[in-house]
Amino acid sequence: MENFFSTYVTPWALNILLALAIFFVGRWVAKLLISLLERILRKAKMEDMLIHFVSSICSILLLLIIVVASLNQLGVDTTSLIALVGAAGLAVGLALQDSLKNFAAGVMLIVFKPFREGDFVEAGGVAGVVEKIHIFNTEMRTGDNRQVIVPNGGIYSGVIINYSSKGTRRIDMVFGIGYDSDLRRAKEVLNEIIAADERILPDPEPVIAVSELADNSVNFVVRPWVKSGDYWAVLWDITEQVKLRFDQEGIAIPFPQMDVHLHKTEQPAE
């Protein structure tokens, strides 16, 4: 009986106790490491969503290592278990290839921050205000108040235009007048309209110049600088004022036209 206990019971009891010790102590150490990792990431000013996600992944990996170490202490062959977990991970990765692509793109968007919540951007084929950046997708609100959910993979793999990243924007406008209209007076009117609008910034100085002698018109480029929030309002107001002032001054705004010449051919007498 004593040989049975010394040969089987005592070693198994010690192995079980050591395995439990490895498991519980390992979990305690893992919690400390995860807590330390979260503090480091917060000091690096990373997004809370990314911090929670990274800490969750690391917690799962550490728990897997602890379980494998505990099973090894019990004498369980974990080689097959590790191979099975690896094969399952590969199968899941292939099945979720697009999701993993969106996840990687979401991490890059959160880390490098090409745009923030509240910015007006054009990305992934959609133009709108960014409402929420998730790990797998980004929520955007269009100008007509539609909610659009765009996969992060489509955003990060394409061109991103952020209209809110800079405090000022330049408005590019083109106005044409007829060849018979007074060129100098038209330029004076444009200068008066630009100077009268207080929303237009004095620096950089607005540009008003003749840009092209087109087929049907003489074209002016008008390029004032405004605050980003005033862009559309100034664009629409200036366009309306130019039409009204040109009408008052008798300056013609031409439209595409075609002159057709008819030639009469006399038939020879029979």
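Read the figures in this text as sums done on the coordinates, not as results from a lab. Just so you know, these numbers come straight off a predicted model, no measurement behind them. Reconstructed Cβ throughout: ideal geometry from the backbone, glycine too, with neighbour counts over all protein chains shown.
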(request) Extending each Cα 7 Å along its Cβ direction at Ser164 and Val68, get the distance between those two points in nm, one decimal. (result) 4.4
(message) Counting only Cα atoms, I'd like the Rg/Rh figure for segment 141-270, Kirkwood definition for Rh.
(response) 1.22
(request) Please report the base-10 log of the normalised intensity I(q)/I(0) for segment 177-237, using a Debye sum with one equal scatterer per alpha carbon and no solvent, at each q in 0.12, 0.16, 0.23, 0.30 (1/Å). (result) -0.33, -0.57, -0.96, -1.27
(message) Cβ neighbours within 10 Å, averaged per peptide: list 157-163, 215-221 in order, most packed at the top.
(response) 215-221, 157-163
(message) Per 0.36 nm of contour for each residue apart, how much would the distance between Trp232 and Phe112 grow if the chain were fully extended, relative to their Cα-Cα spacing?
(response) 40.3 nm
(message) Given Cβ point charges of +1 (Lys, Arg) and -1 (Asp, Glu) and nothing else, what value in debye, to the nearest 20, does the dipole of segment 114-162 about its Cα centre take?
(response) 60
